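The values are calculated or read from the model by the stated rules, or taken from the named source; none is laboratory data. As the structure is a prediction and not an experimental result, all values here were calculated from the model. Cβ atoms come from the backbone with ideal geometry, glycine included; neighbour counts cover every protein chain shown. The area values use the complete protein model at the heavy-atom level, side chains included, leaving out ligands, DNA and RNA. Shrake-Rupley method; radii C 1.70, N 1.55, O 1.52, S 1.80 Å.
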Amino acid sequence: KDLSGNELKTDAEFLRRVGSRMTKLYSWTKEKSVLGISYKLFEQIASGRKGKGSDEKLKEIFLQLPGLVVLDEGHTPRNQQSLVWKVLTGVKTKRKIILSGTPFQNNFEELYNTLCLVNPKLSGSVTSERCSRRWQRKSNVEKERWVSLTNAIDNNSDNAVEELKAMIDPFVHVHKGSILEESLPGLKDTLVILRPTDEQKGILQLISDDWSRFDQVHLVSLISVHPSLAAFSKRFSGDKDRLRVLECSPYAGVKTKFAIELIRLCDASHEKVIVFSEFIHPLRFIMQQLIDQLKWREGIEVLYMDGKRDEKNRQSSISSLNDPSSKVKVLFASTKACSEGINLSGASRVVLLDVFWNPAVERQAISRAYRLGQKKSVYVYHLITSGTLEVEKYAQQANKDRLSDLVFS
């Protein structure tokens, strides 16, 4: 295996792949230089986990040697139970910088964990092995203060907001990114409330309150796009034949209808569309409906990226979408794989099929199109099916946005 754990077929391939990385690491250790590395690979090497192409020497290098650590998308290691967070707290340098457009992800606990990476004084657990008991007590006081203030913010205390801002002000610097507003044509953000069709209402009524919350939310998301997508769930195994019949009626799903009609209109005005979804089945379903109705071809007029099957063709798909002379009309993209770190400025319309618990995911997805290099105004459509759990999800999402604005405005 190579350092990422990928299977290698021959010794020559092993030496070529691993040898190249070892040469880079050796060069990095001998001179003043910058090493760029993914979170996943850093975690594998610095944790010293067996079977991942890592060893104790490499682990020691990664934890002891860096003089400065910069974490791009620094909200990624925010769960203190995750291995990547634990490994990053073990890096010995005190000089760490976090870069993030969305530091507040879900709650104040995650924000606290993120900030502890750059300011270990906040957390006794981070510094306990190398600090005195006095320092430990001070850290615990800081954590207790954080919990007290954030609980008060949840109860709408203005004084607590100001105290928390003062607490993080010495090491948190907020830049609102006005360069985008000054440089880009504009962003038009729209919430679209859609009434479910009769077919959707009938299937939605079959969802039981006795089912797990996860099943309920997942099924509402699928059925809100098109009722036939419920056939992918074991919960509806007895209704598969009836649901399969609905596949021939694309407009039996209100979100499917909206997406298809919007894509048609955008094609007429020579604008490209990105359709984001948390789930694979809705993306594939709408894409197939377009192909059947308009005789478009996957890979030509229609692109699809979910981070797995398209790994080798990912960059070519991005380039095709951004090429004004290409025939690409629409990209169907998974938010899990495509909402961060890539440039999709060739599209000027963004459709968010699902409602996400975490509003930061939506903002990241929108930023794929609304970024430097964009030549047109970007129009965003948040789709919500009325009378469903999606309304509750959106309310929670709005509250998280409110809390983030209170702290970082």
Query - Cβ pairs under 9 Å, 6+ apart, first in region 190-203 and under 11 Å from Val225 (Cα atoms) and among the polar types (S, T, N, Q), second open to solvent by 80 Å² or more (accessible area, probe 1.4 Å) and in a helix (DSSP H, G or I) - result: Thr197/Tyr251; Thr197/Lys257
Requested in this report: Check Val91, Val70 and return the single one that is open to solvent by less than 40 Å² (accessible area, probe 1.4 Å) and more than 18 Å from Trp357 (Cβ to Cβ).
Outcome: Val91
Query raised in the report: Only one of Lys308, Lys327 is among the basic types (Lys, Arg) and within 20 Å of the chain's Cα centre (by Cα); which?
Result: Lys308
Report summary line: Residue hits (region 154-171; small (Gly, Ala, Ser), surrounded by 12 or more Cβ atoms within 10 Å (Cβ to Cβ) and assigned to a helix (DSSP H, G or I)) are Ala160
Query raised in the report: Given the structure, is Thr335 within 25 Å of Thr76 (Cα to Cα) and open to solvent by less than 30 Å² (accessible area, probe 1.4 Å)?
Result: yes
**Report entry** For Arg264: the one exception among (1) at pLDDT below 95; (2) in contact with a helix residue (DSSP H, G or I) (Cβ under 9 Å, 6 or more places away or on another chain); (3) surrounded by fewer than 19 Cβ atoms within 10 Å (Cβ to Cβ)
**Finding:** (1)
Query raised in the report: Quick check: anything in region 291-302 open to solvent by 10 Å² or more (accessible area, probe 1.4 Å) and touching a Phe, Trp or Tyr at 6+ places or on another chain (Cβ under 9 Å)?
Result: yes
Query raised in the report: Which condition number in (1) closer than 28 Å to Tyr39 by Cβ; (2) in contact with a helix residue (DSSP H, G or I) (Cβ under 7 Å, 6 or more places away or on another chain) is the one that Ser317 fails?
Result: (2)
Requested in this report: For residues that are hydroxyl-bearing (Ser, Thr, Tyr) and not in a loop (DSSP other than H, G, I, E, B), scanning just region 123-134, find the one that is modelled with the highest pLDDT.
Outcome: Ser125
Query raised in the report: When only residues in region 238-259 that are β-branched (Val, Ile, Thr) and buried (at least 18 other Cβ atoms within 10 Å of the Cβ) count, which is farthest from Phe332 (Cα to Cα)?
Result: Val254
Report summary line: Reported set for region 309-332 where residues are open to solvent by 30 Å² or more (accessible area, probe 1.4 Å) and assigned to a helix (DSSP H, G or I) is Arg314, Gln315, Ser316, Ser319, Ser320, Asn322
Report summary line: Of the residues in region 34-52 that are at pLDDT below 90 and touching a Ser or Thr at 6+ places or on another chain (Cβ under 7 Å), the one that is surrounded by the most Cβ atoms within 10 Å (Cβ to Cβ) is Ile45
Query raised in the report: Going by the structure shown, is Cys338 in contact (Cβ under 8 Å) with a residue 60 or more places away in the chain and under 24 Å from the mean Cα position of the chain (by Cα)?
Result: yes
Requested in this report: Find all pairs meeting these conditions: Cβ atoms under 7 angstrom apart; at least six residues apart or on different chains; first residue within region 388-409 and open to solvent by 70 Å² or more (accessible area, probe 1.4 Å); second residue of a type outside the set (Phe, Trp, Tyr).
Outcome: Val391/Ile384; Tyr394/Val355; Tyr394/Ile384
